[in-house]
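The values are calculated or read from the model by the stated rules, or taken from the named source; none is laboratory data. Given the structure is predicted, the values throughout are model-derived calculations rather than measurements. Heads up, the Cβs are rebuilt from the backbone with ideal geometry, glycines too, and the neighbour counts pull from every protein chain shown.
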Amino acid sequence: MHIARLRALPSLAAALALGACVTVAPDTSPRPEIREDLPPPEPSAESIAFRNYYQSVQAQLIANGLLRTDGGGPDTPFSARQLAANFERIALYDEYTFENGRFVERQTPARLRRWSAPVRLQAHFGPSVDDTQRAEDRSVLSTYATRLARATGHPVRSVNTVGNFHVLYMSTDALASSGPLLRELVPGISDATVREIENLGRFTFCSVYAFNEPGSSTYVAAIAVIRDEHPDLLRRSCVHEEVAQGLGLPNDSPAARPSIFNDDEEFALLTRHDELLLQMLYDDRLPLGLAPDEAPGTITALAEELLGGPS
């Protein structure tokens, strides 16, 4: 079953492939913390329908042997050649492009982008998320941050304030009025991106948007959207995929296995294959701004090094 997830990565630089042309660099000065202590409102009929739909989707996927949490095994071998090909397709192509004021699904070549500054993951909650769920979400995010730091060799941690990678846990009701929060978290965010987030359709399960300054391939801010209507495993799956993609793996590939970067939904959580992609992404031997045709030999050599030789 195909699940459409918007994972476009709009840029603050006009030169990048997605063409979201905003020339205002994000303000990185400390900002007051957003109030998140409002009483939970009654969910709308749309939000209730979304919750019921996602619960049925999760149940169907699990019944079909999908949303695996084992990370793969003897049934999912992969070679250095496959790892290199998957890295090129996932790290050096965009899944979406910005066209006529909206994001359109069309794979296009891209340059390698990643973070240079430490990544600070900060959770933000809509009023529908109760205290128990907030504690669980923070725990999952913190544990995942530790795993990502280990995989990339790059500083990644969860924080309570002054984050630069914002993870929004919100219902469709909260997203519809999230514009002021989005503009506070990422000053200079485009109106088109705000509209996309405020109006995510039911088939967009989760999304991530990463931002870089003009003329740079270095990410300086990101926003991931995790729907509060999701049941437990889909919720964790969205966190794993969107945060990893926001580190610099913007595309999917039907050839990637075992991997969360594959729309077949076979795997719910980051796999060993995906950890290797992240390790390659943050290897200094692959320079920022690398194009798909510029270093195939280096990509192959890294994959062979990680898997102990050519195969």
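Taking the options Thr132, Thr108, name whichever one is over 20 Å from Leu270 (Cβ atoms), surrounded by fewer than 19 Cβ atoms within 10 Å (Cβ to Cβ) and at pLDDT below 95.
Details: Thr132 fails: at pLDDT below 95.
Just a single option satisfies the conditions, and that option is Thr108.
Do we have Thr161 as of a type in the set (Ser, Thr, Tyr), modelled with pLDDT of 95 or more and part of a helix (DSSP H, G or I) here? Steps first, please.
Working: of a type in the set (Ser, Thr, Tyr): yes; modelled with pLDDT of 95 or more: yes; part of a helix (DSSP H, G or I): no.
When the stated conditions are applied, Thr161 does not pass them.
Could you say which residue among Val239, Val243, Val225, Val208 is closer than 18 Å to Asp173 by Cβ and in contact (Cβ under 8 Å) with a residue 12 or more places away in the chain?
Step by step, each of Val239, Val243, Val225, Val208 is checked, and only Val225 is closer than 18 Å to Asp173 by Cβ and in contact (Cβ under 8 Å) with a residue 12 or more places away in the chain.
Restricting to segment 229-252, give me the number of residues that are part of a loop (DSSP other than H, G, I, E, B) and either surrounded by fewer than 24 Cβ atoms within 10 Å (Cβ to Cβ) or in contact with an Asp or Glu (Cβ under 9 Å, 6 or more places away or on another chain) (or both).
Residues flagged as part of a loop (DSSP other than H, G, I, E, B) and either surrounded by fewer than 24 Cβ atoms within 10 Å (Cβ to Cβ) or in contact with an Asp or Glu (Cβ under 9 Å, 6 or more places away or on another chain) (or both) within segment 229-252 amount to 6.
Is there a residue in segment 116-123 that is aliphatic (A, V, I, L, M), on the phi > 0 side of the Ramachandran plot, surrounded by 18 or more Cβ atoms within 10 Å (Cβ to Cβ) and modelled with pLDDT of 95 or more?
Here is the first cut: in segment 116-123, the residues aliphatic (A, V, I, L, M) are 117, 119, 121, 123.
Filter again for on the phi > 0 side of the Ramachandran plot, leaving none.
Among the residues of segment 116-123, not one is aliphatic (A, V, I, L, M), on the phi > 0 side of the Ramachandran plot, surrounded by 18 or more Cβ atoms within 10 Å (Cβ to Cβ) and modelled with pLDDT of 95 or more, which makes the answer no.
For segment 163-179, name all the residues that are under 18 Å from Asp137 (Cα atoms) and surrounded by fewer than 21 Cβ atoms within 10 Å (Cβ to Cβ). Can you show your working first?
Filtering segment 163-179 down to residues under 18 Å from Asp137 (Cα atoms) leaves 163-172, 174-175.
Hit for segment 163-179 is Gly163, nothing else.
Conditions: (1) surrounded by fewer than 18 Cβ atoms within 10 Å (Cβ to Cβ); (2) modelled with pLDDT under 95. Asn64 meets all but one. Number of the miss?
So the condition that Asn64 fails would be (2).
From the set of residues in segment 68-86 that are over 14 Å from Arg257 (Cβ atoms) and buried (at least 20 other Cβ atoms within 10 Å of the Cβ), which is nearest to the chain's Cα centre (by Cα)?
Ala84
So, Val167, is that one assigned to a loop (DSSP other than H, G, I, E, B), touching a residue at least 60 places away in the same chain (Cβ under 8 Å) and closer than 23 Å to Ser237 by Cβ or not?
No.
Output the residues belonging to segment 239-282 that are under 18 Å from Gly73 (Cβ atoms) and hydroxyl-bearing (Ser, Thr, Tyr).
Ser259, Thr271
Any chance segment 297-309 includes a residue that's farther than 26 Å from Thr143 by Cβ and among the polar types (S, T, N, Q)? Outline the logic, then answer.
As a first pass, look at segment 297-309 and keep what is farther than 26 Å from Thr143 by Cβ: 297-305, 307-309.
Add one more test, that the residue is among the polar types (S, T, N, Q), and what stays is 298, 300.
Within segment 297-309, one or more residues are farther than 26 Å from Thr143 by Cβ and among the polar types (S, T, N, Q).
Counting only residues that are within 27 Å of Asn212 (Cα to Cα) and surrounded by 13 or more Cβ atoms within 10 Å (Cβ to Cβ), which one in segment 290-302 is modelled with the lowest pLDDT?
Step by step, filter segment 290-302, then rank; the result is Ala295.
Take the residues of segment 213-228 that are of a type outside the set (D, E, K, R) and under 15 Å from the mean Cα position of the chain (by Cα): which is surrounded by the fewest Cβ atoms within 10 Å (Cβ to Cβ)?
Val220
On the given criteria, is Ala8 at pLDDT below 75, closer than 30 Å to Ser128 by Cα and in contact with a strand residue (DSSP E or B) (Cβ under 6 Å, 6 or more places away or on another chain)?
Taking the combined requirement at face value, the residue satisfies it.
Only residues that are hydrophobic (A, V, I, L, M, F, W, C), over 15 Å from Ala210 (Cα atoms) and under 10 Å from the mean Cα position of the chain (by Cα): list them for segment 229-260, please. So that I can check it myself, show each step before the final result.
Restricting attention to segment 229-260, the residues satisfying the condition of being hydrophobic (A, V, I, L, M, F, W, C) are 233-234, 238-239, 243-244, 247, 249, 255-256, 260.
Next, from what is left, pick out any that are over 15 Å from Ala210 (Cα atoms): 233-234, 238, 255-256, 260.
Correct list: Cys238 only.
Conditions tested, residue by residue: (1) in contact with a helix residue (DSSP H, G or I) (Cβ under 6 Å, 6 or more places away or on another chain); (2) among the small types (Gly, Ala, Ser); (3) modelled with pLDDT of 95 or more; (4) within 22 Å of His166 (Cβ to Cβ).
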position	(1), (2), (3), (4)
Leu234	yes, no, yes, yes
Ala256	yes, yes, yes, no
Phe261	yes, no, yes, yes
Phe267	no, no, yes, no
Thr271	no, no, yes, no
Gly309	no, yes, no, no
